[in-house]
């Protein structure tokens, strides 16, 4: 019953069956810190490490166990387990790892719902929220936008209205940890067997929200800097925490520099208002950068789309294109062929016009 309360449904049990026959146990990764893990099993908690065979079979680091994964493990000692396999992931929230290479860095696996936490203080940033929303779309995870620290905001309704124009239909829940019922709007999103991850930059109050929902001071919290209103890192690793009534929360470290791991389709879904306007452009291949009959340019000029949102869209689309080309060499080749063919058509047009 314990693992079922954490989300071990029929699909998980079916994928685990071949490993059960080998004497392995079903476990969920609660903590992942480099090559060391903490597992939750029906028989208790175990520190663990990956087997050499798993390292050999896994093509890249993104395929190794991460917080939220369901795994097949072998208990070799009373205080040690070996992870032999990672079961298929239902969802995976990822970001692009730091550096020049296009490496995927998993954040949390098998997440059912994500709380995107924004603080209503000096660090409130809708452009950052658009980035988080895009990654949630890419992961196939539903999002709830949490506007935390309402006690610091003089006009919460205005902030909610401003946010609603960006999130395009996602639920918005104002919250505060400073009053006894300040998190009531979030409790209805928790459920038996459901895993909810909290994502947001440092200092937005993710750990304080987790503590409030748990009803205990489980995680360390810290104050924001008075100089700029920005938070400081108190959470140093991702951790899955079971809820007494069933389900689980995943607390994550703050991610101020959130590199995009998503395709253009996910960006268009996040910015569906712009994508819909673009359908009215005169030319199908309109790049929205000065072409005649561009509906998007007209919408920006008339104030239907804000200049800030348009700039954010263009930035994320550019990142998504780069991501697709880096992860799929064929995409770069096809783009070059299209550009070459278009240039050929344009040159032919001007030659004909000149003659």
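So that you can scan it fast, the table gives a plain yes or no per residue for (1) in contact with a helix residue (DSSP H, G or I) (Cβ under 9 Å, 6 or more places away or on another chain); (2) in contact (Cβ under 8 Å) with a residue 24 or more places away in the chain; (3) surrounded by fewer than 24 Cβ atoms within 10 Å (Cβ to Cβ):
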position: 56; (1), (2), (3): no, no, yes
position: 60; (1), (2), (3): no, yes, yes
position: 68; (1), (2), (3): no, yes, no
position: 82; (1), (2), (3): yes, yes, yes
position: 96; (1), (2), (3): yes, yes, yes
position: 114; (1), (2), (3): yes, yes, no
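Is at least one residue of the range 18-28 farther than 22 Å from residue 191 by Cα and in a strand (DSSP E or B)? Yes, that holds for at least one residue. When 129, 135 are checked against the criterion of being closer than 26 Å to residue 35 by Cα, within 22 Å of the chain's Cα centre (by Cα) and in a helix (DSSP H, G or I), 135 stands alone in meeting it.
Just to be sure before I move on: is residue 12 more than 22 Å from residue 107 (Cβ to Cβ) and in contact (Cβ under 8 Å) with a residue 12 or more places away in the chain in the structure I sent? When the stated conditions are applied, residue 12 does not pass them. Within the set 325, 301, the sole residue that is over 30 Å from residue 187 (Cα atoms), modelled with pLDDT of 85 or more and more than 20 Å from the chain's Cα centre (by Cα) turns out to be 301. One residue stands out among those in the range 116-125 that are touching a residue at least 60 places away in the same chain (Cβ under 8 Å) and crowded, with 19+ Cβ neighbours inside 10 Å: the one that is nearest to residue 28 (Cα to Cα), which is 116. Annotation note: of 163, 150, the sole residue that is in contact with a strand residue (DSSP E or B) (Cβ under 6 Å, 6 or more places away or on another chain), under 18 Å from residue 209 (Cα atoms), touching a residue at least 12 places away in the same chain (Cβ under 8 Å) and not assigned by TED's automatic domain parsing to the domain that holds residue 274 is 150. Among the residues making up the range 44-63, a single one is at pLDDT 95 or above and either part of a loop (DSSP other than H, G, I, E, B) or on the phi > 0 side of the Ramachandran plot (or both): 51.
Of all the numbered requirements in (1) closer than 28 Å to residue 203 by Cβ; (2) modelled with pLDDT of 90 or more, residue 272 misses one, and that requirement is (1).
Screening residue 1 against (1) under 17 Å from residue 243 (Cβ atoms); (2) touching a residue at least 12 places away in the same chain (Cβ under 8 Å); (3) out of contact with any strand residue (DSSP E or B) (no Cβ under 9 Å at 6 or more places or on another chain) leaves a single unmet condition, (2).
The single residue among 169, 140 that is touching a residue at least 24 places away in the same chain (Cβ under 8 Å), surrounded by fewer than 18 Cβ atoms within 10 Å (Cβ to Cβ) and not assigned by TED's automatic domain parsing to the domain that holds residue 309 turns out to be 140. Checking the range 285-296 against the condition returns no match, with no residue being in contact with a strand residue (DSSP E or B) (Cβ under 8 Å, 6 or more places away or on another chain) and modelled with pLDDT under 90. Kindly indicate whether residue 143 is in a loop (DSSP other than H, G, I, E, B), under 18 Å from residue 185 (Cα atoms) and touching a strand residue (DSSP E or B) at 6+ places or on another chain (Cβ under 8 Å). Answer is no for this residue.
For residue 239, indicate whether it is surrounded by fewer than 18 Cβ atoms within 10 Å (Cβ to Cβ), modelled with pLDDT of 90 or more and closer than 30 Å to residue 5 by Cβ. No: the conditions fail for residue 239. Looking across the range 179-197 at every residue that is assigned to a loop (DSSP other than H, G, I, E, B), in contact with a helix residue (DSSP H, G or I) (Cβ under 9 Å, 6 or more places away or on another chain) and touching a residue at least 60 places away in the same chain (Cβ under 8 Å), the one that is surrounded by the fewest Cβ atoms within 10 Å (Cβ to Cβ) is identified as 192.
The values are calculated or read from the model by the stated rules, or taken from the named source; none is laboratory data. Please read all numbers here as calculations on a predicted model, not as lab measurements. As a convention, Cβ positions derive from the backbone with ideal geometry for all residues, glycine included, and neighbour counts pool all protein chains shown.
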